[in-house]
Amino acid sequence: METTLILLKPDTIERSLIGQVIARLEAKGLKITGLKMMQLDDAIIEEHYDFLMDKPFFPNIKKYMTRTPIVAIAAKGANAIATVRMLTGATNPVEALPGSIRGDLALSIDANIIHASDTSENAEIELNRFFKGTDIFTYNKLTDEVL
Ligand code: ATP
Ligand code: MG
């Protein structure tokens with residue numbers, strides 16, 4: 001079983017889409033093992049998106065990601081990392097397929113609703129960035145036997 005890190009970005013909160021996005025994760029069969037609202041600051045964005053620091057749009061990312069709280073989610077399931085990336089869709093909503101979260105709910109790359117870890121190495125780093133160990137829970141669901 002894998003666990004992946006998901007962030008519901010400020011536009012998700014601002015547009016009242018938290019429930020819609022979480023419903024898609026749950027409907028897919030993923031188990032929510034961590035969930036919290038957080039106000040991010042520049043320092044955590046500089047760490048989380050350090051590979052984009054030299055890009056001209058980096059100041060905009062910082063402004064966007066810190067203007068409203070986000071919701072951090074740990075989601076567990078078989079192949080959770082690749083599965084959530086597939087549910088998320090392409091980075092640019094113009095290219096994201098209908099049926100994906102960005103394809104259905106976002107218009108612009110400047111506000112693309114969701115972040116999802118892209119590799120198991122990054123998932124581990126990102127889960128530690130947003131959750132303390134005690135904020136991740138272990139519990140049984142009735143569907144555990146079939147999913
Ligand atoms: P995320 O890491 O947020 O899940 P991603 O993995 O699909 O997105 P990345 O290449 O990691 O895409 O880019 C991180 C974020 O930086 C994007 O989600 C988007 O908000 C922003 N971004 C990336 N490329 C651009 C661009 N060309 N113009 C504006 N913003 C961009
Ligand atoms: Mg990324």
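Structural remarks
- Dipole in debye (nearest 20) - segment 88-139, about Cα centre, beta carbon charges: Lys, Arg +1; Asp, Glu -1: 140 debye
- When the pairs 31/62; 63/141; 62/141; 36/141 are compared against a 32 Å limit on Cα-Cα distance, 63/141; 62/141 fall above it.
- Counting only Cβ charges, +1 for Lys and Arg and -1 for Asp and Glu, the dipole size of the chain around its Cα centre is about 420 debye.
- Percent carbon-and-sulfur accessible area, segment 30-147, ignoring ligands, DNA and RNA, probe 1.4 Å: 56 percent
- Förster radius 35 Å - calculated FRET efficiency between residue 68 and residue 140 (Cβ-Cβ, nearest 0.05): 0.55
- For the chain, built as a Gaussian network whose Cα springs stay under 10 Å, the top-fluctuating residue of 77, 99, 29: 99
- Of 59, 93, 69, the residue with the greatest mean-square motion in the GNM of the chain, using alpha carbon springs below 10 Å, is 59.
- Counting only protein heavy atoms and a 1.4 Å probe, the chain has 56 square angstrom of accessible area per residue.
- Per-residue accessible area (protein heavy atoms, 1.4 Å probe) orders 110, 144 as 110, 144, starting from the largest.
- Using a Gaussian network model of the chain in which every pair of alpha carbons under 10 angstrom is joined by a spring, one finds that among 86, 53, 38 the greatest mean-square fluctuation is at 53.
- Hydrodynamic radius (Kirkwood) for the chain, which is based on Cα pairs only, to one decimal in Å: 15.6 Å
- Within a straight-line Cα-Cα reach of under 17 Å, residue 55 can be paired with the following aspartates and glutamates, leaving aside sequence neighbours fewer than 8 residues apart in one chain: 42, 46, 47, 110.
- Comparing 113, 146, 101 along the charge dipole axis of segment 72-147, the residue lying farthest to the positive side is 146, per the Cβ-charge model.
The values are calculated or read from the model by the stated rules, or taken from the named source; none is laboratory data. Nothing here was measured: the structure is a model prediction, and the numbers come from that model. Counting neighbours? That spans all protein chains shown, and the Cβs are built from the backbone with ideal geometry, glycine included. What goes into the accessible areas is simple: the full protein's heavy atoms, side chains included, and nothing from ligands, DNA or RNA. Shrake-Rupley method; radii C 1.70, N 1.55, O 1.52, S 1.80 Å.
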